[in-house]
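As structure tokens, the structure follows; a few thoughts come after it.
The values are calculated or read from the model by the stated rules, or taken from the named source; none is laboratory data. Because the structure is a prediction, the values reported are computed rather than measured. As a convention, Cβ positions derive from the backbone with ideal geometry for all residues, glycine included, and neighbour counts pool all protein chains shown.
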Amino acid sequence: DGGITQSPKYLFRKEGQNVTLSCEQNLNHDAMYWYRQDPGQGLRLIYYSQIVNDFQKGDIAEGYSVSREKKESFPLTVTSAQKNPTAFYLCASRQMGAAGAQHFGDGTRLSIL
Amino acid sequence: DAKTTQPTSMDCAEGRAANLPCNHSTISGNEYVYWYRQIHSQGPQYIIHGLKNNETNEMASLIITEDRKSSTLILPHATLRDTAVYYCIVRVAHGSSNTGKLIFGQGTTLQVKP
């Protein structure tokens, strides 16, 4: 089945540690997105990429980094500079050039030890 | 992107149609209306989208008023599994400046009751 796979489902970070969240899609979509969701809140955009080897900051990029070396993969690193990383992280993808809808993975829940 | 207004919560009896309204009075001519839903601890699920014509798929129907200032998502026969938060989002779909970013508001919490 085509879709978006995020891993792990749950992740724990120690103080001062960087952690990387995986996002893979086999939908052949050009664009990929990372959102953060806090309890009872809507989604906020962290980073997005519309083409391989290119990405742009979203609304809350500080403390995060991404790479887009392959079309199907868009990993997100939560660095130690992100002081409040506890949240639900969602990856999405969509086909560019149309009214294509974004399709989401099932998310990664990150907590601080 | 235009803002949307939705009721905070709604109830619906199982087996009945669920009609979820959304106001988007500042919508522009090139903005589409998208509907998503989110079940607790899962990623948002795409439901349907439209520009000005009514749309129907296997999940739902989308009715957009002629002036496009509001729309209604219809789940024809609601089940307990349709209990979720439903988001109405307006977004420009074309153009080089289109990042595709979705702005999620608070949505409508739909509770389907037995």
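Details
- Only one of B:80, B:73 that is farther than 21 Å from residue A:31 by Cα, more than 9 Å from every other protein chain (Cβ to nearest Cβ), touching a strand residue (DSSP E or B) at 6+ places or on another chain (Cβ under 9 Å) and buried (at least 19 other Cβ atoms within 10 Å of the Cβ): B:73
- Of all residues in the range A:84-96, exactly one satisfies the criterion of being at the interface with chain B (Cβ under 8 Å from one of its Cβ atoms) and assigned to a loop (DSSP other than H, G, I, E, B), namely A:96.
- Remark: residue A:95 falls outside the filter, which requires a residue to be touching a His at 6+ places or on another chain (Cβ under 9 Å), surrounded by 13 or more Cβ atoms within 10 Å (Cβ to Cβ) and over 25 Å from residue B:30 (Cα atoms).
- Candidates A:65, A:49 - the one that is away from every other protein chain (no Cβ under 14 Å), buried (at least 16 other Cβ atoms within 10 Å of the Cβ) and part of a strand (DSSP E or B): A:65
- Of the listed requirements (1) at pLDDT 95 or above; (2) under 20 Å from residue B:46 (Cβ atoms); (3) of a type in the set (A, V, I, L, M, F, W, C), residue A:27 misses just one: (1).
- When the criteria are applied in full, residue A:40 fails the requirement of being touching a residue at least 24 places away in the same chain (Cβ under 8 Å), farther than 15 Å from residue A:102 by Cβ and more than 15 Å from the chain's Cα centre (by Cα).
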